[in-house]
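To start, the structure itself, in structure tokens.
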Amino acid sequence: MEDDIKQLSSSLKDSLQVTNVKAGTKQGEMPTSVQTLSNAVSSSSDPAQTPSTPSSVGTSTSTQPWLLGTASSPLSVWATSAVNNLSDGPQRNAWDDALNTGTNVRLLVARGERASFQVGVSSQGSVRGLEVAITCSRFNADRSSKSCAIPGTGLNPSCVSLRRIYPPDALVPCAWGARLSMPEEGTVGFWVSIDVPTSQDPGLYQGDLTVAGHVSLLPAKAAVPALRSVADKCSRATSADGPVDLYKALKSVEDEIRRISSQLDHGSRMLLPEVLSVSLEVVDVQIPQCPSFPVLCGLSEEVLENRWQVERNSEEWRTLLCRHFRFMLRYRMCPYFCRWGARGCGMGLVTYTSPFPIGSPMADELLSSPQLCRYVVPFPSDENGAAPLEAEDATAPTHASLKHAQAQPHWAKAMFYLFDEPTTTAEYEKLDLWASRLRETVPKPTVLTTFYCGPKDGTFPEGSWQSLMEVPELLKDSTQVFCVSQWALGEDPSAPRELADTIMHAVGDSGEQWSYVCMGPGSPHPNWHLNMTGGQHRAVAWRAWAEGARGLLYWGANCYDTAAASPCEPITFRRGLPPGDGVLIYPGERYGAGQEPLASVRLERALIGLQDVELLEQHAAKFGRATTVEIMRSRAYSGPRSFTQSWSEMESLRALVARQILA
């Protein structure tokens, strides 16, 4: 084996000398990497000469490890905020404040909140066999700070989680300390989250994240095929035409030799680790377990049934839906499952939160969840067992089951979502009819209706503002929650107030104004599209709250292409929609992460925005909504085109609001 390697090495030298002469270099000169290769080959061929300590790439006898962050390192490691895009690289991912740098992270968080940031690890050049392992220390109370935390106490390590970011933006759990392979080129992103318990003592906590690199090196035997490949490149280089082609060929050979020589050894080398210091300031403010600002989020029943191949109302079906229900609650969202109604119903919907029949003990338990602030009930069947919105496999509640449900404490959360975006006078009349039938069973129902325009056959021109202002009057007999598209509100700062006044005139205090995003609005407005910035993702909730909405609706979190017949199949976004629209979660099975759904980066950013709103709600309760809105407008959000993308300005608002709540 050693003779084979030496023969190939000699052949490489001869070939390179020929190409050097043809390229204009002096007779006998050869690149340094060839000599390095020769030394590495000799060392790897003789176990007695193999260094016992880690050595740097391309130097067979050095005892110095790579230093991360230096020119000789194959890794670049940096930390950045949760709203920045790691694909921009470390230079464009500055925290834009004095407290945070690429290796120092400082976060402010209330009790009951989640704080998150990102870690980028980038390969410098082509290095095969590169792995990284990230470990986390315990977060201890800072003895030197004037914190309220008891010195020596800390944050439970189980509160800190690590996930790797996979395309398009799925977050896949990683075990601390596990070696994770790196691509030869490019950046790998990690998402770090710290969940602060409601019982956590306020104060400053310090911890470290350590990123260590490992290189798996090639034994001499494994190098032979690679060396033969280089020899072939040398042969082709000697027949190159012209100095340009010759230079490119020679450079390719050099790169390949450098790569082989860096990995020609036994075992692996450990790199000098990079340490990221994390300071977590826990303020003495607690956000409620049950959201004060409701967010309804749809889950496609069709996608779940097709992709997982489960039959409606089966035990496997209910288990699958319950798993998704519990997952969405973690993100302060109230999930509901949906499908289109029977033929002839137009945009009529079958919507429900509980996979169990309304009135059953299992449904009562699920709907009583302390994290659930609103839930959706399907349209009831009539005395003959028929439900106008149901197709086959009807799951509509009966009169008796609804009577039981209305007597439960959880009924205060109940809503009905019967029709999606009516656009004609006939559709408004159909909704009136359904609401009238509903009141025969539920005397005072809470019905939500979404809309983005007035009736196309109405009094005013189609798509006009006057036409939109007709809607509250058209819905006054059927609807209590008027859910308007943020796209339809446009950019006029007076539009939300005018709509609210129109709703008040139509139904009085019994009506609520909500808003929703679906397809639109597009950039530069806030939305949860994949190609938007982290600031836009975070600001969706800001906009709804600042414009006076009492809640928010998002049409779908799992609305991938419905053709897939396995959770392991690739994720395909639906045609005709903006990238990522209707997709906030991914199947764990697709990424080899088990049956649990996976969050997207956008869902995590949505959670951050919703946590912001909880602080704003508490501030408004103490100082008045007008004062809070003014602070918000002056520091972070003044309109759908005018909101900050700066992490430091976002956190400055949070810090000010939190400290004024405590004052």
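Structure notes:
- Selected residue (only one of GLY588, GLY576 is of a type outside the set (S, T, N, Q) and modelled with pLDDT of 95 or more): GLY588
- For segment 441-539, the helices (runs of 4 or more DSSP H) that sit wholly inside it and include 3 or more residues that are surrounded by fewer than 16 Cβ atoms within 10 Å (Cβ to Cβ) are 495-507.
- The set of residues in segment 341-362 that are under 15 Å from ALA396 (Cβ atoms) and of a type in the set (A, V, I, L, M, F, W, C) comprises ALA342, CYS345, LEU349, VAL350, PHE356, ILE358.
- Qualifying residue in segment 551-563 (condition: more than 27 Å from TYR352 (Cα to Cα) and either among the small types (Gly, Ala, Ser) or free of Cβ contacts under 8 Å to residues at least 60 places away in the same chain (or both)): no
- The one condition in (1) without any contact (Cβ under 8 Å) to a residue 40 or more places away in the chain; (2) buried (at least 21 other Cβ atoms within 10 Å of the Cβ); (3) under 25 Å from THR80 (Cα atoms) that ARG635 fails to fulfil: (2)
- Residue check, THR449 of a type in the set (Val, Ile, Thr) and more than 34 Å from the chain's Cα centre (by Cα): no
- Residues being of a type outside the set (Ser, Thr, Tyr) and within 34 Å of the chain's Cα centre (by Cα) - total across segment 497-523: 13
- Search result, residues across segment 540-566 that are charged (D, E, K, R) and buried (at least 24 other Cβ atoms within 10 Å of the Cβ): ARG543
- Strands (runs of 3 or more DSSP E) wholly inside segment 267-384 containing at least 1 residues that are at pLDDT 95 or above and of a type in the set (Asp, Glu): 274-286
- Among the residues of segment 567-595, those that are closer than 21 Å to TRP317 by Cβ and exposed (fewer than 15 other Cβ atoms within 10 Å of the Cβ) comprise CYS568, GLY594, GLN595.
- Segment 443-483, residues that are closer than 13 Å to PHE416 by Cα and of a type in the set (Lys, Arg): LYS444
- Top-ranked residue in segment 385-423 [being within 18 Å of GLY298 (Cα to Cα) and aromatic (Phe, Trp, Tyr); ranked as modelled with the lowest pLDDT]: PHE419
- Only one entry of VAL583, VAL629, VAL601 meets the criterion of being over 30 Å from GLU302 (Cα atoms) and assigned by TED's automatic domain parsing to the domain that holds ALA539, and that entry is VAL629.
- Residue within segment 121-134 that is in the same structural domain as SER277 (by TED's automatic domain parsing) and modelled with pLDDT of 95 or more present: yes
- Of the residues GLN611, GLN645, the single one that is under 18 Å from the mean Cα position of the chain (by Cα), part of a loop (DSSP other than H, G, I, E, B) and over 30 Å from TRP308 (Cα atoms) is GLN645.
The values are calculated or read from the model by the stated rules, or taken from the named source; none is laboratory data. What you are looking at is a predicted structure, and each value in this text was computed from that prediction instead of being measured. Every residue, glycine among them, receives a Cβ derived from its backbone with ideal geometry; neighbour counts consider all protein chains shown.
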